[in-house]
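Trainee: Below is one structure. I have some questions about it.
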Amino acid sequence: MIRPNEFFVVSGMQGLKKFYVRGAARDGEVRGVTILYDQAEEGTMDPIVVAMSSAFLPFGNGLTLDGQPVRRKVEYASGVIVSSSGHIVTDRQAADGCQIIAIPGHGNAERIAEDKSGDLALLRLYGARNLTPVGLLGAAAPNGPVTLVGVADPQTQGGGDSVSTVASRATGATLDGTPQPGFSGAAVVDAQGKFAGMVVLKTAVVAGAASAPQATFVRPDKLTNFLDANYVAVASGKPGVEDAKASVVRIICVRK
């Protein structure tokens with residue numbers, strides 16, 4: 001039995017020819033490549049046939065036909081509560097194409113707006129109560145040590161849903177390192193404990209295998225402008241990582 005994301009190899013003789021088959025399984029589908037060559041060419045082919053078959057990408061390079069990253073059927077991200085009436089901002093790509101957007105512990109949300117030229121999506125939880133909005137009033141973009149506050153993918157925390165923190169450093173609009181999966185849409189908190197932006201993980205579109213996403217963040221002024229354009233009043237809040245944790249939720253996007 002082939003487990004998901006594993007591959008198998010079969011080699012041997014077919015008549016007077018040698019063959020080498022490499023296959024891979026994913027999402028209930030098996031794809032592979034067969035390399036067939038004459039015995040007379042084995043001195044040339046045997047040393048390179050493994051490298052040739054390993055270069056085959058049975059399920060593509062992680063991109064769609066239009067060059068965009070393939071999105072998971074169920075994707076986990078983080079979101080930042082920006083109003084007590086249920087408005088949440090998150091990464092636009094993490095909320096793209098969702099049939100259902102669930103906020104564990106609160107219910108389902110609706111995507112009501114997006115910044116098509118940027119990285120933001122605005123969600124709305126209807127009937128939500130006791131929400132703690134993050135303090136955007138007086139927030140400024142950081143330059144130096146920061147703390148990322150988000151909800152990591154359940155696979156990285158044993159199926160859990162706890163809010164956690166990651167130390168990073170902001171330089172311009174870029175964050176050092178790549179945070180755990182699930183941190184796209186997480187809050188950025190500066191050294192003084194003030195909210196300072198929202199994490200966005202961007203996958204580089206390059207030839208070959210998909211590379212690790214680059215961590216950037218949306219500045220507070222851009223967040224404020226986006227909310228103003230959608231008639232959401234920004235709130236004040238207490239500084240501190242623990243208070244930021246109360247404003248961060250998990251986003252679950254379910255696609256067709």
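The values are calculated or read from the model by the stated rules, or taken from the named source; none is laboratory data. What you are looking at is a predicted structure, and each value in this text was computed from that prediction instead of being measured. Cβ sites come from the backbone with ideal geometry, for glycine too, and all protein chains shown count toward neighbours. We work out accessible area using only protein heavy atoms, side chains counted, and drop any ligands, DNA or RNA first. Shrake-Rupley method; radii C 1.70, N 1.55, O 1.52, S 1.80 Å.
Trainee: If you take the charge dipole of the chain about its Cα centre, with +1 on Lys and Arg Cβ and -1 on Asp and Glu Cβ, which of 100, 172, 143 is farthest toward its positive end?
Mentor: Going by the charge dipole, the pick is 100.
Trainee: Heads up, I need the accessible area for residue 42: 1.4 angstrom probe, whole protein in place, Å², nearest 10.
Mentor: 70
Trainee: Enumerate the amide H contacts of residue 214 below 5 Å, restricted to partners 5 or more residues apart or on another chain; note that Pro and chain-start residues carry no placed amide H.
Mentor: Close amide H contacts, sequence-distant or interchain: 202, 203, 204.
Trainee: If each of residue 34 and residue 231 carries a label point 7 Å out from its Cα toward its Cβ, how far apart are those two points in nm?
Mentor: Once both label points are built, they end up 6.4 nm from each other.
Trainee: Let me ask something additional. First check a/c for the chain, with a ≥ b ≥ c the square roots of the eigenvalues of its C-alpha gyration tensor; if it is under 1.5, answer rounded, and if not, answer prolate when a/b is larger than b/c or oblate otherwise. Spell out each step's value before the answer.
Mentor: Values: a/c = 2.96, a/b = 2.42, b/c = 1.22.
Judged from the Cα gyration tensor, the chain comes out prolate (a/c at least 1.5, a/b above b/c).
Trainee: Next question, about the same structure. Skip the ligands, DNA and RNA, and give the accessible area per residue of the chain with a 1.4 Å probe, whole Å².
Mentor: Value returned for the chain: 53 Å² of accessible area per residue.
Trainee: Ok, one more. Once amide H atoms are built 1.01 Å from N in the peptide plane, which residues 5 or more positions from residue 120, or in another chain, come under 5 Å H to H?
Mentor: Close amide H contacts, sequence-distant or interchain: 92, 115.
Trainee: Now, a different point. Name the residue from 117, 198, 237 whose Cα lies farthest towards the positive end of the charge dipole of the chain, charges +1 on Cβ of Lys and Arg and -1 on Cβ of Asp and Glu.
Mentor: Most positive-ward Cα: 237.
Trainee: Among all the lysines, which ones have a C-alpha under 25 Å from residue 116's C-alpha, if same-chain residues fewer than 8 places away are not counted?
Mentor: By straight Cα distance, residue 116 reaches 73, 202, 222, 256.
Trainee: Taking θ as phi - 60°, what are the ³J(HN,Hα) couplings along region 76-82 by the Karplus curve (6.51, -1.76, 1.60), each to the nearest whole Hz, with x for Gly and Pro?
Mentor: 10, 9, 10, x, 10, 6, 10
Trainee: Using a Cα-Cα cut-off of under 16 Å, which aspartates and glutamates could be cross-linked to residue 17, ignoring same-chain neighbours fewer than 8 residues away?
Mentor: Of all the aspartates and glutamates, those that pass the test against residue 17 - Cα under 16 Å, at least 8 places apart if same chain - are 38, 41, 42, 46.
Trainee: Whenever you get a sec, line up 249, 50 from highest to lowest accessible area (probe 1.4 Å, protein heavy atoms). Mind showing how you got there, number by number?
Mentor: Working: 249 15, 50 75 Å².
Sorted by accessible area, descending: 50, 249.
Trainee: Continuing with this model, one more query. Can you give the FRET efficiency for residue 42 and residue 256, using 1/(1 + (r/R0)^6), R0 = 45 Å, r = Cβ-Cβ distance, to the nearest 0.05? The partial results should precede the final answer.
Mentor: Numbers: r = 48 Å, r/R0 = 1.06.
The computed FRET efficiency comes out at 0.40.
Trainee: By the gyration tensor of its Cα atoms, with a ≥ b ≥ c the square roots of the eigenvalues, what is the shape of region 75-125: rounded for a/c under 1.5, prolate for a/b over b/c, or oblate? Before the final figure, lay out each step's value.
Mentor: Numbers: a/c = 1.75, a/b = 1.24, b/c = 1.41.
Note, shape of region 75-125 comes out oblate.
Trainee: Of all the accessible heavy-atom surface of the chain, with the other protein chains kept in place and a 1.4 Å probe, what percent is carbon and sulfur? Could you put the intermediate results ahead of the total?
Mentor: Details: 7040 of 13590 Å².
The computed percentage sits at 52.
Trainee: Output the peptides 148-156, 29-37, 84-92, 173-181 sorted from most to least packed, where packing is the average of other Cβ atoms within 10 Å over each peptide's residues.
Mentor: Numbers: 148-156: 21.1, 29-37: 13.8, 84-92: 23.0, 173-181: 16.1.
Output ranking for 148-156, 29-37, 84-92, 173-181: 84-92, 148-156, 173-181, 29-37.
Trainee: Taking only Cα atoms, what is the 0 to 90° angle, nearest 10, from helix 220-229's long axis to the longest principal axis of the chain?
Mentor: Around 80 degrees separate the two axes.
Trainee: Treating only the Cβ of Lys, Arg, Asp and Glu as charged (+1, +1, -1, -1), what charge dipole size does the chain show about its Cα centre? Round to the nearest 20 debye.
Mentor: Numbers: 24 positive and 23 negative charges, 91 e Å.
With only Lys, Arg, Asp and Glu charged at Cβ, the dipole is about 440 debye.
Trainee: Points 7 angstrom from Cα along the Cβ direction at residue 221 and residue 176: gap in nanometres?
Mentor: Result for the modelled spin labels: 2.5 nm.
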